[in-house]
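Please read the structure below before turning to the comments.
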Amino acid sequence: MSEAELLSQVLAARQMLDVTITQMIGLTFALIVAVYFFVHRSGWQMKTAVFLLYALGWFVMVQSAAHTGQYLVGLYSELGALASSGEAGSTTYIVLESVSGVWARVYLLTLNGANFVLLVGGAVFLFFWKPKAD
């Protein structure tokens with residue numbers, strides 16, 4: 001692939017990753033709304049079924065993000081090979097600098113931590129939240 005194609009693929013993969021994260025947050029908000037208005041009145045069987053469906057959606061989205069992340073690692077490796085051979089343009093060097101910095105690591109830790117917080121928070125809210133009595 002050419003450098004332009006690699007950079008285009010990096011951009012597309014990052015956009016796909018951002019969309020997946022946004023969908024995960026939307027899925028969690030849908031769970032919160034369902035619990036707040038409806039599911040908190042139901043029994044443990046219904047709550048368990050709702051959690052299993054939520055966990056299934058969570059798993060699919062996390063795996064989608066993981067696959068996209070692996071794809072990005074490969075793309076960054078190819079860009080790194082171009083840069084080490086001296087055939088890369090300035091945009092490639094900027095992209096490689098941005099993914100090798102401290103903020104890129106903070107982003108990855110935050111992203112992975114947030115996914116598990118959403119799963120655990122959804123479970124806690126689903127099974128243990130009770131509305132205040134009027």
For LYS47: the one exception among (1) basic (Lys, Arg); (2) in contact (Cβ under 8 Å) with a residue 40 or more places away in the chain; (3) open to solvent by 90 Å² or more (accessible area, probe 1.4 Å): (3)
Close pairs from region 70-89: first assigned to a helix (DSSP H, G or I), partner of a type in the set (S, T, N, Q) and open to solvent by 30 Å² or more (accessible area, probe 1.4 Å), Cβ under 7 Å, at least 6 apart: LEU75/GLN9
Residues satisfying the stated conditions in region 103-116, i.e. over 16 Å from THR20 (Cα atoms) and open to solvent by 80 Å² or more (accessible area, probe 1.4 Å): TRP103, ARG105, LEU109
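I need the full set of residues from region 117-134 which are assigned to a loop (DSSP other than H, G, I, E, B) and either open to solvent by 80 Å² or more (accessible area, probe 1.4 Å) or within 18 Å of THR48 (Cα to Cα) (or both), in order please. Walk me through how you get there before you give the answer.
Residues of region 117-134 assigned to a loop (DSSP other than H, G, I, E, B): 129-134.
Of everything in region 117-134, those that are assigned to a loop (DSSP other than H, G, I, E, B) and either open to solvent by 80 Å² or more (accessible area, probe 1.4 Å) or within 18 Å of THR48 (Cα to Cα) (or both) turn out to be TRP129, LYS130, LYS132, ALA133, ASP134.
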Odd one out for GLN63, checked against (1) free of Cβ contacts under 8 Å to residues at least 40 places away in the same chain; (2) not in a helix (DSSP H, G or I): (2)
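Evaluate region 19-41: report whether one residue or more is more than 22 Å from PHE127 (Cα to Cα), assigned to a helix (DSSP H, G or I), out of contact with any strand residue (DSSP E or B) (no Cβ under 9 Å at 6 or more places or on another chain) and open to solvent by less than 50 Å² (accessible area, probe 1.4 Å). Can you show your working first?
Residues of region 19-41 that are more than 22 Å from PHE127 (Cα to Cα), as a first pass: 19-23.
Narrowing further to those that are assigned to a helix (DSSP H, G or I): 19-23.
Restricting the remaining residues to those that are out of contact with any strand residue (DSSP E or B) (no Cβ under 9 Å at 6 or more places or on another chain) gives 19-23.
Next cut, open to solvent by less than 50 Å² (accessible area, probe 1.4 Å) only: 20-21.
Within region 19-41 (the criterion being more than 22 Å from PHE127 (Cα to Cα), assigned to a helix (DSSP H, G or I), out of contact with any strand residue (DSSP E or B) (no Cβ under 9 Å at 6 or more places or on another chain) and open to solvent by less than 50 Å² (accessible area, probe 1.4 Å)), the answer is yes, since at least one residue qualifies.
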Filtered residues of region 1-18 (kept if surrounded by 15 or more Cβ atoms within 10 Å (Cβ to Cβ) and more than 15 Å from the chain's Cα centre (by Cα)): GLU3, LEU6, LEU7, GLN9, VAL10
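The values are calculated or read from the model by the stated rules, or taken from the named source; none is laboratory data. What you are looking at is a predicted structure, and each value in this text was computed from that prediction instead of being measured. Backbone-built Cβ (ideal geometry, glycine too); neighbour counts: all protein chains shown. What goes into the accessible areas is simple: the full protein's heavy atoms, side chains included, and nothing from ligands, DNA or RNA. Shrake-Rupley method; radii C 1.70, N 1.55, O 1.52, S 1.80 Å.
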